[in-house]
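Here the structure comes first, spelled out in structure tokens, and everything after it is commentary.
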Amino acid sequence: MSQAFDIKETYLKFLEEDKDLTMPIAAIESLVIMLRVKQPSTSSELINLVKSNIDTLKTSIPNAISLSAGCDLFMRFVLRNTNLYSDWESCKKNLVENGELFVRRAKESRNKSAEYGLPFIRDDDTILVHSFSRVVYTLLKRARTEKMVRFRVIVTESRPTGLGYFMAKKLREADIPVEVIVDNAVGYVIHNVDKILVGAEGVAESGGIINHIGSYQIGCLAKVNNKPFYVVTESHKFVRLFPLAPNDLPGSINRLIKEGTEEEKDSESMLSTHKLDFTSHEYITALITDLGVLTPSAVSEELIKVWYD
């Protein structure tokens, strides 16, 4: 008999217990636990169970671009694996075991991406970073501690979340020279910058990225000033979306964020802030991923391999 299971609670618990865990990995790990707990008795029940839990996650978690990518990847994994085994018991057992292996490999992808990115960091570089990205932080930290590369970082404050300050704090703890600038000052400092590194909430089919608000304008400035714009991310964030403009995101994702005290809301009642934007492939020099260094056009090829091979 199947036990009660709350997918959202399990997902949030994983994120709470491990602050370095990304949304797609937490989602996949939660779905693997769900399969172990619920013990579906037929392949049809299994597929319906996975679909319903994925829908619950997608609707209950805000701004869930990367979560959607992880869920869709796991759904594809389930559909592929249900047809590989002749009897249902071995199918169930292997699904859970392969799911756990899938999670372990996904967790290793951040270090693989950083490994591919190390040759891009050189002595005396000045690197512009936007917002906080775990994989960008891992790359910069490894370049400093393992390769002993000497470089400095300029971090945007990244309003409205202010995550740039958190990134600066982590870099300072890693003994990396860092300076925080206001978002409006990017154009002022970009002529002193050697390259730009950003992470991604999701990578669209076109090779463009969905990331913290402000990424698009930095991409535009990078192109005008002939500065390389690199995206450091993991392949499990490749998502089946095809935005056409910076604000062309699904309504559930491109939502308004209202933050601050009541007094701040009263005094800034005319201010509306968004959290994410889309940066088109034409502004991106390359994507540094666990699959290697890719051109934006290679993203669609990788998605085709996953979904149609």
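The values are calculated or read from the model by the stated rules, or taken from the named source; none is laboratory data. Predicted model only: the values in this text are computed from it and were never measured. Virtual Cβ from ideal backbone geometry, glycine too; neighbours counted across all protein chains shown. We work out accessible area using only protein heavy atoms, side chains counted, and drop any ligands, DNA or RNA first. Shrake-Rupley method; radii C 1.70, N 1.55, O 1.52, S 1.80 Å.
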Residue-level accessible surface for MET23, protein heavy atoms, 1.4 Å, Å²
50
What are the radius of gyration and Dmax of segment 79-207, computed over its Cα atoms and given in Å?
19.6, 64
On a 1.4 Å probe surface of the protein chains, which of SER113, SER297, SER43 comes out largest in accessible area, and what is the full order?
SER297, SER43, SER113
Peptides ranked, highest mean first, by Cβ atoms within 10 Å: ranges 170-179, 285-294
285-294, 170-179
Would you please name the trypsin sites (Lys or Arg not before Pro) within segment 1-42 that are DSSP coil residues with at most 13 other C-beta atoms within 10 Å of their C-beta?
LYS19
The FRET efficiency for ILE181 and VAL293, from their Cβ-Cβ distance with R0 = 30 Å and rounded to 0.05, is 0.60
Kindly report, to the nearest 10 Å², the accessible surface of VAL232 as traced by a 1.4 Å probe over protein heavy atoms only.
0
Leaving out ligands, DNA and RNA, and with a 1.4 Å probe, what % of the accessible surface on the chain is carbon or sulfur?
50
The distance between the Cα centres of segment 212-231 and segment 12-55, in whole Å, is 36
Which value in nm describes the separation of the simple spin-label points at LYS169 and THR42, placed 7 Å from the Cα toward the beta carbon?
5.3
Roughly what would the spin-label model give for MET75 and THR59, points 7 Å off Cα along C-beta, in nm?
1.4
What full-extension length gain, to one decimal in nm, is calculated for ASP6 and ASN83 as 0.36 nm per residue of separation minus the Cα-Cα distance?
25.0 nm
Could I have the simple spin-label model distance between GLU16 and ARG105, label points 7 Å from Cα toward Cβ, reported in nm to one decimal?
3.2
When Lys and Arg each count +1 and Asp and Glu each count -1, what net charge do the other residues less than 10 Å away from ALA26, Cβ to Cβ, add up to?
-3
Between ASP194 and ALA245, what's the calculated FRET efficiency when r is the beta-carbon distance and R0 is 41 Å? Round to 0.05.
0.90
For segment 7-97, average projected area of the Cα convex hull in nm²:
5.5
